[in-house]
1. Taking Cβ-Cβ under 4.7 Å as the only way to count a partner, pick out the unpartnered cysteines of the chain.
2. Note down the relative contact order for the chain as a percent, whole number, built from C-alpha pairs under 8 angstrom at least six residues apart.
3. By how many nm would the segment from D59 to Q121 grow when fully extended, if each residue of separation counts as 0.36 nm and the alpha-carbon distance is taken off?
4. Show me the ranking of peptides 138-148, 191-201 by mean Cβ neighbours inside 10 Å, starting with the highest.
5. At 0.36 nm per residue, and after removing the present C-alpha to C-alpha distance, how many nm does the segment from D38 to D87 gain when stretched out fully?
6. List, in order, the whole-Hz ³J(HN,Hα) value for each residue of region 264-281 obtained from phi through the Karplus relation with A = 6.51, B = -1.76, C = 1.60 and θ = phi - 60°; use x for Gly and Pro.
7. Taking all protein chains as present, what is the carbon and sulfur share of the accessible area of region 175-285, in % to the nearest whole number, probe 1.4 Å?
8. Name the residues of region 213-246 whose amide N is less than 16 Å from a point 7 angstrom out from the Cα of A256 along the C-beta direction?
Amino acid sequence: MQYEGDVYRPPSEARSLIIQVTIGCSNNTCTFCYMYADKQFRIRTREEILADLEECARDYGQYVRRVFFADGDALIVRTPLLLELLDYVKKHFPYAERVTAYGTASDVLRKSEEELRALAQAGLQMVYIGAESGDDTILRQIRKNQTSRQLIEAGQKLKRCGIQTSVTLISGLGGPEHMEEHAIHSAELINAMNPEYAAILSLQLRADSVMAGEVARGERKLLTADQTVDETRIFLEHIDSPGTIFRSNHASNYVALAGVFNEDIPDMLRQLEEAKARHRYRPDWMREL
Ligand code: SF4
């Protein structure tokens, strides 16, 4: 199987079979994102995708436990083809326990509830949504092309249809000026979606990204480690999303946190306080891209 360009997947899909059903991201405008900048977006043909699945099923079908549909927003693929792919996985990867995919709020909202229920029934267990922020001004500034309302509606729709969601936010997108709005509105977003999983990464920029140019020209400021911790604290103080499994232990994070909302919030707040008091942060050289 030949992957096209660099392939990205969530940390929890490290051991999954990754199948590219799209190439790149249909949005590809987010100012901090470098992942698919060099790819022209396209949906792969049925024949291309099935050829990859056939090759993998033949060579190691017995060993696959998880399948992840990439690239950026695999859920954009029309439902009949997704159903055919899920059916293929069910029949030819007998030990596969789950199939997951990246998706945008627009992808979810474009599909009917009947379509989403059919996908859930066919084995699509979870959709990873990169929300980045719950603040509409920040979403506009970073050219996400989604509003908090769309993100919430998408999350609630997936839940109603039996598909889990994993929502990612990025610390630092509002800079020091808007860190409070970013934290509070992101918490409100999570509260309204009540996803199965939520994660916070810390903003890291590649030199050739649009946002790195804004920083270089002085149009945008980055958060210090202390400010990043303060932002996460404000976020946690405003969370009310019972049962959501929370992770902030990505390599980019200054302080590694993991717990379940709401019961583990006091403990995570204590960990943040201790880390800040002792300045015990993951060093920047370990956080580099
Ligand atoms: S939608 Fe996601 S993958 Fe696409 S450009 Fe934005 S951050 Fe990158």
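The values are calculated or read from the model by the stated rules, or taken from the named source; none is laboratory data. Just so we're clear, the structure is a prediction, and the values are computed from it rather than from any experiment. No Cβ is skipped: glycine too gets one built from the backbone with ideal geometry, and neighbour counts run over all protein chains shown. Each accessible area value is taken on the protein alone, full model and side chains, heavy atoms only, with ligands, DNA and RNA left out. Shrake-Rupley method; radii C 1.70, N 1.55, O 1.52, S 1.80 Å.
1. C25, C56, C161
2. It comes to 14 percent, rounded to a whole number.
3. In short, 19.6 nm is gained.
4. Details: 138-148: 19.1, 191-201: 21.5.
For the peptides 138-148, 191-201, the packing ranking is 191-201, 138-148.
5. 14.5 nm
6. Couplings: 8, 4, x, 5, 5, 5, 5, 4, 5, 4, 5, 4, 5, 4, 9, 6, 9, 10 Hz.
7. Here it works out to 51 percent.
8. Within reach of a label on A256: 246.
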